[in-house]
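This report concerns only the one structure given below.
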Amino acid sequence: MNHLAHFHLAGEDPDLIVGGFLGDFVKGRLEDRFPPAITRGIALHRAIDAFTDQHPVTSLSKSRFSPATRRFAPVMVDIIFDYFLARRWEDFHPASLADFSDNIFSVLLNADPLLPSSARRFSEGMRARRSLLRYGTKEFVAASLTHLSARLSRPNRMAEGVSEFEQQHAALEADFLAFYPALINFRDVWLSAEPQND
């Protein structure tokens, strides 16, 4: 899953929000690099990614892309599922996406001293562009895939995934709606099994 889903799945806990964000920037053993509550958020992020990667519905979603783009399908599906989450936001969260976004960036701003420089720059850029509010547009999907394609060192066909996404829109939305409630349930079970140490 991509940023919007990780923020949503972190719930209202600021430490889980920060940890969920850091999961994309912190690799390897965690040990005592962060406070325990934030380390728990990073661990939740990793558990969510592992559950997502091995789930049969996301495997089905990846198979919907052509052989030319399928090697990039895991990244594309992460972005596309965030798009559907934003489009269906009212089904999954009581607050508006705008209010949710404001709260997320307030939490990250308060945690700024703990963030690695790469995470701080990324957070600042997302806040300045109001990125979370754009997740539910096809333009967001297209811009994300084009940007990621350009960052790769070798020529690639990831950007072709935009047209395939549009062709498979209904099927991918059905996949998302089948998968995301299962992911929420997985999050709930994980948090129950991994309680916060006081």
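The values are calculated or read from the model by the stated rules, or taken from the named source; none is laboratory data. Remember, it's a predicted structure, so these values are computed and weren't measured experimentally. Backbone-built Cβ (ideal geometry, glycine too); neighbour counts: all protein chains shown.
A few comments on the model shown:
Residues are listed down the side, and each one gets a yes or a no for (1) surrounded by 13 or more Cβ atoms within 10 Å (Cβ to Cβ); (2) farther than 18 Å from Val77 by Cα:
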residue	(1), (2)
Ser118	no, yes
Ala128	no, yes
Tyr135	yes, no
Glu139	no, no
Thr146	yes, no
Arg154	no, yes
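- Unmet requirement for Arg187, which otherwise passes all of (1) on the phi > 0 side of the Ramachandran plot; (2) crowded, with 18+ Cβ neighbours inside 10 Å; (3) of a type in the set (Lys, Arg): (1)
- Residue in the range 106-119 that is assigned to a helix (DSSP H, G or I), within 26 Å of Phe176 (Cα to Cα) and without any contact (Cβ under 8 Å) to a residue 60 or more places away in the chain present: no
- All positions within the range 24-51 that are within 13 Å of Asp78 (Cβ to Cβ), crowded, with 21+ Cβ neighbours inside 10 Å and of a type outside the set (A, V, I, L, M, F, W, C): His45
- Considering the range 8-60, the residues that are without any contact (Cβ under 8 Å) to a residue 24 or more places away in the chain and in a helix (DSSP H, G or I) include one that is farthest from Tyr83 (Cα to Cα), namely Thr39.
- For Pro67, the test of being at pLDDT below 95, part of a loop (DSSP other than H, G, I, E, B) and out of contact with any helix residue (DSSP H, G or I) (no Cβ under 7 Å at 6 or more places or on another chain) is passed.
- Flag: Met76 matches the condition of being under 14 Å from the mean Cα position of the chain (by Cα), modelled with pLDDT under 95 and buried (at least 20 other Cβ atoms within 10 Å of the Cβ).
- Selected residue [exposed (fewer than 13 other Cβ atoms within 10 Å of the Cβ), hydrophobic (A, V, I, L, M, F, W, C) and modelled with pLDDT of 95 or more] from Ala170, Ala174, Ala150, Ala178: Ala170
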